[in-house]
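Since the structure comes first, as structure tokens, the remarks are kept for the end.
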Amino acid sequence: SQQGEEDPQALSIQEGENATMNCSYKTSINNLQWYRQNSGRGLVHLILIRSNEREKHSGRLRVTLDTSKKSSSLLITASRAADTASYFCATSLGGGSYIPTFGRGTSLIVHP
Amino acid sequence: DAGVTQSPTHLIKTRGQQVTLRCSPKSGHDTVSWYQQALGQGPQFIFQYYEEEERQRGNFPDRFSGHQFPNYSSELNVNALLLGDSALYLCASSLQDQPQHFGDGTRLSIL
């Protein structure tokens, strides 16, 4: 079963706009990660946020985590055509298990 | 510094056959995990190897087996292939429990 579920399933925006993707999960977690996957390629790790953190930034990426709502969001500011990809959230439960469990992903298309 | 490399990139097999996929981890990494990604889905965890032992396993049948070698490289073996085994198989390496680095996968098609 998949722990995280991304929303929306698909997102289409114009270059320069911001893109926001959400992830909801069901059980308490140790950390949550966001990955990007370009078509036909492997996954690229973007950001890891721990359960005791509320917000993290990396370049044009901003991730928030609300453990009370069991949800996270990924914001990409000033999007570029090169940001076109699928984005996955992955949760790790901790307690000896750090295997990330992936959702189905959000497909982002950025039009030039 | 080479990242995670997987071979072959594409493979076509028929039902009932057996397949072996290979993975070389990123330099300095000691842990290798394997995932199955069906079209339009997220990766599903198959198993993880550390110190040549299977450390954790996902919900996959015994037809899926693996091995890790002393140089940390790894193989995924699948026996008695089914049509439903058609997928992208991803290998990821890490240094113990740090974030994983993924290879570009092996696209397996079962006819």
Counting only protein heavy atoms and leaving out ligands, DNA and RNA, the solvent-accessible surface of residue A:99 at a 1.4 Å probe, in Å² to the nearest 10, equals 10 Å²
Rg from C-alpha atoms of region A:53-112, normalised by the globular rule of thumb 2.2 N^0.38 Å, equals 1.29
Kirkwood radius from Cα pairs of region B:1-40 plugged into Stokes-Einstein at 25 °C, 0.890 mPa s, gives D in µm²/s equal to 197 µm²/s
Dividing the alpha-carbon radius of gyration of region B:58-111 by 2.2 N^0.38 Å, where N counts its residues, gives 1.27
At q = 0.13, 0.23 Å⁻¹, the log10 of I(q)/I(0) for chain B from a Debye sum over equal Cα scatterers comes to -0.42, -1.32
Mean other chain Cβ within 10 Å across B:100-106 is 5
Sorted largest first, the Cα spans of region A:1-106 on the principal axes come out in Å as 41, 28, 21
Computed for region B:5-110: size of charge dipole around the Cα centre, +1 on C-beta of each Lys and Arg, -1 on C-beta of each Asp and Glu, debye to nearest 20, value 440 debye
Taking a crude spin-label model, label points 7 Å out from Cα along the C-beta direction, the residue B:69 to residue A:51 distance in nm is 3.9 nm
Heavy-atom accessible area of residue A:63, protein chains in place, probe 1.4 angstrom, given in Å² to nearest 10, is 0 Å²
Contact order relative to length for chain B, counting C-alpha pairs under 8 Å separated by 6 or more residues, stands in percent at 37 percent
Plugging the Cβ-Cβ distance of residue A:66 and residue B:59 into 1/(1 + (r/R0)^6) at R0 = 25 Å yields, to the nearest 0.05, a FRET efficiency of 0.30
Unit-weight point scatterers at every alpha-carbon of the protein assembly as shown, Debye formula, q = 0.18, 0.19 1/Å: log10 I(q)/I(0) is -1.32, -1.41
Rounded to the nearest 100 Å², the accessible area buried between A and B, both sides, probe 1.4 Å, is 1500 Å²
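The values are calculated or read from the model by the stated rules, or taken from the named source; none is laboratory data. Bear in mind the structure is a predicted one, so any value in this text is a computation, not a measurement. When we count neighbours, we look across all protein chains shown, and the Cβ atoms used for this are built from the backbone with ideal geometry, even at glycine. Surface accessibility is based on the protein's heavy atoms, side chains included, excluding ligands, DNA and RNA. Shrake-Rupley method; radii C 1.70, N 1.55, O 1.52, S 1.80 Å.
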